[in-house]
Each structure stands twice: as structure tokens, then as C-alpha cells.
Amino acid sequence: MTPLLIVQPDATDPPGLLADWLTEAGAELTVCRPFAEDPVPADLEGFTGLVVLGGAMGALDDEQYPWLAKVRALLSSAVGNRVPTLAICLGAQLLAVATGGRVREMPDGAESGPSLVAKRDAANQDPLWAELPFTPDVIQFHRDEITTLPGSAQLLASAPQCANQAFRVGQSGYATQFHIETTPRIVLDWAAEAPESAAAAPQGTLDPEYLATVHENLTETWRPFAARFVRLAAGELEPASSRISIPLV
């Protein structure tokens, strides 16, 4: 088994489908829930990979959530030690800030609902991204965005409303501004809890039947991606080459 640590910052964003995909690919999962007072580990001893999920808080809301600083430090350590990492939505923003990037609230409002992102040319040479379709299905639900990537980052995917949709920092620190781990129920709960953000979704895309179809497509696309991440964490997949030094802050 490949031991992975999952940090879940918010009760509303559980590992969902991603946990199933990682487990079936041979991962052994340990979930840390800081919102429930689980201590954030100081290091990744005993783990060969790290996953950090999303949440409603901001990446720098340390006053209300002091453990965010520990999550950023863990992400920084993971990148510096070349531990395969997958950071999603808030996790992506935390990874960006931890390695020299910048995050802000989106000036034109939230990005929400099922969507597509477009691979950049660099993704075709990446061990996790190369086999993805050119415009993979994703779920958006965020009001903050990464405006400046870390200096060592490689942009992997973009979209018109939010340019920095996915990136890699160092050899194996991956981030996605979008979600891949959701179920239809999770997305519907988000929409009910944040109606202003949900209003940004294209008409009809939050209908239960439509969401069910979208999640079938998500599974087809992102289940193999999750399996490749497990292979990377297990040392069975060669990481991306990187000749750029990583600024750790």
C-alpha cells in the first residue's frame, strides 16, 4: 500500500470520489481534519504523498483558522522534499502562497458549476497531465483566485475567467483551482449554502440530472489521473523534470 496523507480543511469538502479512486489504485489513506481539531502533522514522516482539499476559508485567514499556517508549512516542506502533492481549490491557493505565489478575491465574482479547462502545451510533457483530454471536465466553486504563480511553477491548464487553473511547482507539487473530488450531493450542498456563488453557474448546470452526467465524465477522466498520482507517490512513475530552484516562504 502507498501511504497518503489527506488534509481536509472543511467539513463541506470531504475526499469524496477521489478517496475511492486513490484507494482502488493502492493507496492507504489517513485523513487529517483540522476543522475538527485534528493536529496538522509537522512533517510527512511515514507518508509518500500529500493531498490537500478545499474549504470556504481564504488561504490567509490565519486569525480565524490558525492551523492554516501549519498546512502551508506542510505544503512547502512537501515541495522542498519532492513529496508528490495534490492540492485542490483552497489547497491550490495554499500551495501557491506557500511557494511564492499570490491569491486574491476574484473581482468579477465567483466561478461556479461544471466547466471545462484547457490544457497548456507543457501539460503534454507532464507525467500526470499528458494523458488527459485537451479540455477535461471539472467542477468550479471558488471566489478567490491565484493571480501570481510561484516563480518555479509550470502552468498546466487555463480558462477564460480564471487563468491559473492548474500548475505544478517543482517536480511533483500539483495544484488544481477546480475540484475533481466531488459528488453531485456535495455540489448541491455547496449551492444551497452559498446561493450567491451558485448564481454564477451557467443556467441548468446545477440541476441534479445534469450534475450526475457531469460526474460520470469526471470519473472517466480523473480516476486514471488519481491512479497515476498513486504511482508517482509509490515511486513507480518518473516525476517531471525541473531545473528551476523552488522559493520556499
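The values are calculated or read from the model by the stated rules, or taken from the named source; none is laboratory data. Quantities reported herein were computed from a predicted structural model and do not represent experimental measurements. Neighbour counts are summed over all protein chains in view; Cβ atoms, including those assigned to glycine, are modelled from backbone coordinates with ideal geometry.
Listed by position, the strands (runs of 3 or more DSSP E) inside the range 115-193 whose residues that are hydroxyl-bearing (S, T, Y), within 24 Å of E220 (Cα to Cα) and at pLDDT 95 or above number at least 3 form an empty set.
L95 meets the conditions (1) over 21 Å from P224 (Cβ atoms); (2) outside any helix (DSSP H, G or I); (3) touching a residue at least 60 places away in the same chain (Cβ under 8 Å) in every case but one. The failed one is (2).
Being buried (at least 19 other Cβ atoms within 10 Å of the Cβ), closer than 23 Å to W21 by Cβ and over 19 Å from the mean Cα position of the chain (by Cα): is that true of L237 here?
Numbers: buried (at least 19 other Cβ atoms within 10 Å of the Cβ): no; closer than 23 Å to W21 by Cβ: yes; over 19 Å from the mean Cα position of the chain (by Cα): yes.
Criteria not met by L237.
Within the range 16-28, can you find the residues that are surrounded by fewer than 18 Cβ atoms within 10 Å (Cβ to Cβ) and more than 26 Å from H142 (Cα to Cα)? Passing the criteria: T23, E24, G26, E28. Cβ separations smaller than 8 Å between residues 6+ apart or across chains give the following pairs from the range 198-218 residues that are in a loop (DSSP other than H, G, I, E, B) to residues that are of a type in the set (A, V, I, L, M, F, W, C) and at pLDDT 95 or above: A200/A110; A201/A191; T205/L211; T205/V214; L206/V187; L206/L188; L206/A191; L206/A198.
What are the residues in the range 118-159 that are closer than 20 Å to Q203 by Cβ and among the β-branched types (V, I, T), if any?
The initial filter retains those residues of the range 118-159 that are closer than 20 Å to Q203 by Cβ, namely 137-143, 159.
Hits for the range 118-159 are V138, I139.
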